[in-house]
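The values are calculated or read from the model by the stated rules, or taken from the named source; none is laboratory data. Predicted, not measured: the structure shown is a model, and the values here were computed from it. Positions of Cβ are generated from backbone atoms using ideal geometry, with glycine treated the same way; all protein chains shown enter the neighbour counts. Surface accessibility is based on the protein's heavy atoms, side chains included, excluding ligands, DNA and RNA. Shrake-Rupley method; radii C 1.70, N 1.55, O 1.52, S 1.80 Å.
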Amino acid sequence: MTPLARLLVERIRETGPITVADYMAECLLHPVHGYYTTRDPFGTKGDFTTAPEISQMFGELVGLALAQAWLDRGSPAPFTLGELGPGRGTLMADILRATRGVPGFHQAAQVVLVEASPRLREMQHAKLCAYEPSWIDRIGDLPEAPLFLIANEFLDALPIRQFIRGPQGWRERLIGLRDEALTFGLSASLPQVPETAAFRHAPDTALVEDNLAARHAIAEVATRIARAGGIAYWIDYGGWRSQGDTLQAMRQHRPDDPLAHPGEADLTAHVDFEPLAALAPAFAYDTQGAVLTRLGIDARAERLACNLTGAALESHRAAHRRLTDPSEMGSLFKVLALTSPGAPPPPGFA
Ligand code: SAH
């Protein structure tokens, strides 16, 4: 049993079963034993890898999209260049390198990072200190300024609740104890559930997930963009009204039982973009493959390939495929661009 499992068993014994959201929050961000609090989870030695860690092209193209959106909106200065959940800081480093040549962009940019993990803040500091970023705990603490924001694989790490529809109506999936081990169970029938389309249209025996924290994040960013202008790109795996149980654990690059190693495995859920887009005054939505292709990944890949040979060239080509091919990340990952009504169209969309 992991140290966090012991704490959770004790807590549940004393105060009763907890929601999946409580469980996820403890596993990911417990101050002592949380997954993100204690480790650098990325890369081959870690548990999973993300698009910016796969290839520099990802951050370069996101950077150029943000800079183009900034130019299209009249180059406001100063502005916030924001990132939610920056991981190792690789994405922001690539964004900044790719936008060095955009006149005025760096001078006007104030880099602000929303990061919960002290461990990852240190890694981000090491990579980005030349740009004098500031760190904040909450989206609500973003400065009052035009906002140009990126969040890659941030929403999938926010805690979800799960609800199951049965003959007695809706019940919530909870985590309790059986023989002193963590196990899934169900609450009593609920008087009400969240009012999103996924619940309204759920078939009789559906399991529906709700990401309240993601809805708060989107709403908060949308309000800021409506007030001060800007754009936000949210990139994550998921779909439009995705249904069913998508809670998943990854440990050492392999799927794991979500209850088996609390605090020692990454826990995520697919993002349901429909209720998030519903909160945006204006948005565009497409697959990662389509958006990266429109942003020019094929030409960029060819440029980089000119300087490579042998194994390095092979792995560059594989990374290009991995980011864009429908059988890899190209279709599973989606991009939601959040803008304001009447604003120029977001770069990367048709
Ligand atoms: N964007 C990075 C990392 C994705 S992993 C990349 O693409 O490589 C998720 C990131 O979100 C980590 O940096 C994690 O510490 C951070 N995070 C998770 N939950 C958070 C929360 N509630 N508030 C702030 N940061 C959070």
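Some notes on this structure:
- As a summary of the residue check, residue 29 satisfies the conditions (1) near the ligand (Cβ under 10 Å from one of its atoms); (2) out of contact with any Phe, Trp or Tyr (no Cβ under 7 Å at 6 or more places or on another chain) except for the one numbered (2).
- Any hit, the stretch 86-94, residues being in contact with a helix residue (DSSP H, G or I) (Cβ under 7 Å, 6 or more places away or on another chain) and more than 16 Å from the ligand (Cβ to nearest atom): no
- Checked against the criterion of being within 11 Å of the ligand (Cβ to nearest atom), of a type in the set (A, V, I, L, M) and over 27 Å from residue 277 (Cα atoms), the candidates 120, 177 yield just one match: 120.
- Enumeration of residues in the stretch 310-346 that are surrounded by fewer than 22 Cβ atoms within 10 Å (Cβ to Cβ) and more than 21 Å from residue 53 (Cα to Cα): 340, 341, 342, 343, 344, 345
- Selection status of residue 159, open to solvent by 20 Å² or more (accessible area, probe 1.4 Å), farther than 18 Å from residue 36 by Cα and assigned to a loop (DSSP other than H, G, I, E, B): no
- Scanning the stretch 301-350 for residues that are part of a loop (DSSP other than H, G, I, E, B) and among the small types (Gly, Ala, Ser) yields 327, 340, 342, 343, 348, 350.
- Index of the failed condition, residue 208 passing every other in (1) touching a Gly at 6+ places or on another chain (Cβ under 7 Å); (2) surrounded by 13 or more Cβ atoms within 10 Å (Cβ to Cβ): (1)
Conditions (1) open to solvent by 20 Å² or more (accessible area, probe 1.4 Å); (2) without any contact (Cβ under 8 Å) to a residue 60 or more places away in the chain; (3) more than 22 Å from residue 23 (Cα to Cα), marked per residue:
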site: 122; (1), (2), (3): yes, yes, yes
site: 130; (1), (2), (3): yes, yes, yes
site: 138; (1), (2), (3): yes, yes, no
site: 141; (1), (2), (3): yes, yes, yes
site: 144; (1), (2), (3): yes, no, yes
site: 150; (1), (2), (3): no, no, yes
site: 163; (1), (2), (3): no, yes, no
site: 177; (1), (2), (3): yes, no, no
site: 180; (1), (2), (3): yes, no, no
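- The selection criterion, being modelled with pLDDT of 95 or more, surrounded by fewer than 19 Cβ atoms within 10 Å (Cβ to Cβ), farther than 30 Å from residue 257 by Cβ and of a type in the set (Lys, Arg), does not hold for residue 6.
- Residues that are within 16 Å of the ligand (Cβ to nearest atom) and either under 18 Å from the mean Cα position of the chain (by Cα) or on the phi > 0 side of the Ramachandran plot (or both) within the stretch 98-117 comprise 112, 113, 114, 115, 116, 117, listed in sequence order.
- For the stretch 191-207, the criterion of being modelled with pLDDT of 95 or more, within 29 Å of residue 30 (Cβ to Cβ), more than 16 Å from the ligand (Cβ to nearest atom) and not in a loop (DSSP other than H, G, I, E, B) is met by at least one residue.
- Selection from the stretch 256-289 of residues that are part of a loop (DSSP other than H, G, I, E, B), farther than 30 Å from residue 342 by Cβ and over 18 Å from the mean Cα position of the chain (by Cα): 257, 258, 259, 260, 261, 262, 263, 264
- If you filter the stretch 34-48 down to residues that are open to solvent by 60 Å² or more (accessible area, probe 1.4 Å) and either basic (Lys, Arg) or in contact with a Ser or Thr (Cβ under 8 Å, 6 or more places away or on another chain) (or both), you find that the one that is modelled with the lowest pLDDT is 45.
- Strands (runs of 3 or more DSSP E) (entirely within the stretch 47-137) containing at least 3 residues that are aromatic (Phe, Trp, Tyr): none
- The condition (being open to solvent by less than 70 Å² (accessible area, probe 1.4 Å), in the same structural domain as residue 292 (by TED's automatic domain parsing) and at pLDDT 95 or above) is satisfied by just one residue among 25, 21, 51: 51.
- Of the listed requirements (1) surrounded by 22 or more Cβ atoms within 10 Å (Cβ to Cβ); (2) out of contact with any helix residue (DSSP H, G or I) (no Cβ under 8 Å at 6 or more places or on another chain); (3) farther than 25 Å from residue 230 by Cα; (4) among the small types (Gly, Ala, Ser), residue 69 misses just one: (3).
- The set of residues in the stretch 74-97 that are open to solvent by 30 Å² or more (accessible area, probe 1.4 Å) and within 25 Å of the chain's Cα centre (by Cα) comprises 88, 97.
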